[in-house]
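S.K.: Input: one structure, supplied below.
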Amino acid sequence: MTVGECSNLPRHVAIIMDGNGRWARRRHLPRQAGHVAGVNAVREVVRAACDIGLANLTLFAFSSENWKRPAMEVGALMGLFRLYFRNDMKEIVERGARVRIIGNRTRVDPDILQMIEEAERSTLGNTGINLTFAFDYGGQEEIAAAARELARAAAEGRLDPEAITPELVSSRLFTHGLPEPDLVIRTSGERRLSNFLLWQSAYAELLFVDTLWPDFGRKEFTEALEQFSHRERRFGALPEAVA
Ligand code: FPP
């Protein structure tokens, strides 16, 4: 049975793409070469996800903490985002994907912001995969921003604090309208969430794989989905209750 035929396909897969630097170091290449190879892996995984019929894929492209990296590396990453949006958007649109970018939009270069907005606008009506890039994204800041907005509404008398439910908080997050991830994959052997989709991953299955991101392709992605299909998800209930 292929994963495409598998009844237990996750609705939403989110990936922490880690290990570009180590991939490059093992080859005595500059870190940037690892990021270039990482873009190829992005392309392959996006294609695989579309072919399999996955409904939602979210990729952690740049964290709010990644600004602390040397200016040269940040510049190289920004250059790769530009290239990716310029070169890959046509295929993404043709595949019927709806593109979203989640994160802070105040620090990004104006031309990248323009590309992001154009990608979102031109795919708004698409009904294929929801392809979301977390870019200048941090989960704690996302939750704090939602709390600020709700607190302001309460202070101004527009919201009863008793009416604040998890659903209401979710509706104020960047990911509103998307289902919560069923599966969060992190490559490269690290076992952390690193501030990625903290609220949304409350009941996600976590899968940590040793493969470095540039080596993670269609085969590894399919294997990850296969592993997910054997996980028993209980959502806090007893196994019998969901059997
Ligand atoms: C982690 O590897 C990866 C990143 C910080 C950025 C992810 C970026 C890409 C996969 C390429 C660009 C993406 C798009 C969508 C165009 P690392 O540098 O932390 O690796 P290390 O832990 O081995 O040093």
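The values are calculated or read from the model by the stated rules, or taken from the named source; none is laboratory data. On a predicted model such as this, the values are computed, not experimentally measured, just so you know. Note that each Cβ is placed from the backbone with ideal geometry, even for glycine, and that neighbours are counted across all protein chains shown. Side chains are part of the model used for accessible areas, which takes the heavy atoms of the whole protein and leaves out ligands, DNA and RNA. Shrake-Rupley method; radii C 1.70, N 1.55, O 1.52, S 1.80 Å.
S.K.: Applying the selection to the stretch 173-211, what residues are within 15 Å of the chain's Cα centre (by Cα) and within 12 Å of the ligand (Cβ to nearest atom)?
M.R.: Arg186, Thr187, Arg192, Ser194, Phe196
S.K.: Right, something else. Out of all the residues in the stretch 48-60, which are more than 10 Å from the ligand (Cβ to nearest atom) and either in contact with a helix residue (DSSP H, G or I) (Cβ under 8 Å, 6 or more places away or on another chain) or open to solvent by less than 20 Å² (accessible area, probe 1.4 Å) (or both)?
M.R.: Once the filter is applied, which keeps residues that are more than 10 Å from the ligand (Cβ to nearest atom) and either in contact with a helix residue (DSSP H, G or I) (Cβ under 8 Å, 6 or more places away or on another chain) or open to solvent by less than 20 Å² (accessible area, probe 1.4 Å) (or both), the stretch 48-60 yields Ala48, Ala49, Asp51, Ile52, Gly53, Leu54, Asn56, Leu57, Thr58.
S.K.: Given the options Phe196, Phe133, name the one that is under 28 Å from Ala37 (Cβ atoms), in a loop (DSSP other than H, G, I, E, B) and among the hydrophobic types (A, V, I, L, M, F, W, C).
M.R.: Sole residue among the options that is under 28 Å from Ala37 (Cβ atoms), in a loop (DSSP other than H, G, I, E, B) and among the hydrophobic types (A, V, I, L, M, F, W, C): Phe196.
S.K.: Are any of the residues in the stretch 23-33 within 21 Å of Met115 (Cβ to Cβ) and either within 11 Å of the ligand (Cβ to nearest atom) or modelled with pLDDT of 95 or more (or both)?
M.R.: Scanning the stretch 23-33, I find at least one residue that is within 21 Å of Met115 (Cβ to Cβ) and either within 11 Å of the ligand (Cβ to nearest atom) or modelled with pLDDT of 95 or more (or both), so the answer is yes.
S.K.: Can you tell which of Asn8, Asn66, Asn40, Asn87 is in contact with a Ser or Thr (Cβ under 8 Å, 6 or more places away or on another chain) and polar (S, T, N, Q)?
M.R.: Step by step, each of Asn8, Asn66, Asn40, Asn87 is checked, and only Asn8 is in contact with a Ser or Thr (Cβ under 8 Å, 6 or more places away or on another chain) and polar (S, T, N, Q).
S.K.: A follow-up question, please. Pull out all pairs, ordered by first then second residue, where Cβ-Cβ is under 8 Å, the residues are six or more apart or on different chains, the first lies in the stretch 9-21 and is assigned to a strand (DSSP E or B), and the second is among the basic types (Lys, Arg).
M.R.: Ile15/Arg186; Ile16/Arg186
S.K.: Just checking, does the stretch 34-47 include any residue being part of a loop (DSSP other than H, G, I, E, B), of a type in the set (A, V, I, L, M, F, W, C) and either touching a helix residue (DSSP H, G or I) at 6+ places or on another chain (Cβ under 9 Å) or near the ligand (Cβ under 10 Å from one of its atoms) (or both)?
M.R.: Within the stretch 34-47, not a single residue is part of a loop (DSSP other than H, G, I, E, B), of a type in the set (A, V, I, L, M, F, W, C) and either touching a helix residue (DSSP H, G or I) at 6+ places or on another chain (Cβ under 9 Å) or near the ligand (Cβ under 10 Å from one of its atoms) (or both).
S.K.: Let me ask something else. Check Ile143 against each of (1) open to solvent by less than 80 Å² (accessible area, probe 1.4 Å); (2) assigned to a helix (DSSP H, G or I); (3) within 17 Å of Ala14 (Cα to Cα) and name the one condition it does not meet.
M.R.: Among (1) open to solvent by less than 80 Å² (accessible area, probe 1.4 Å); (2) assigned to a helix (DSSP H, G or I); (3) within 17 Å of Ala14 (Cα to Cα), the lone unmet condition for Ile143 is (3).
S.K.: Could you list, in sequence order, all residues of the stretch 166-206 that are surrounded by fewer than 18 Cβ atoms within 10 Å (Cβ to Cβ) and among the basic types (Lys, Arg)?
M.R.: Matches in the stretch 166-206: Arg172, Arg191, Arg192.
S.K.: While we're looking at this one, here's another question. Looking only at residues in the stretch 61-84 that are part of a helix (DSSP H, G or I) and near the ligand (Cβ under 8 Å from one of its atoms), which one is most open to solvent (accessible area, probe 1.4 Å)?
M.R.: Leu83
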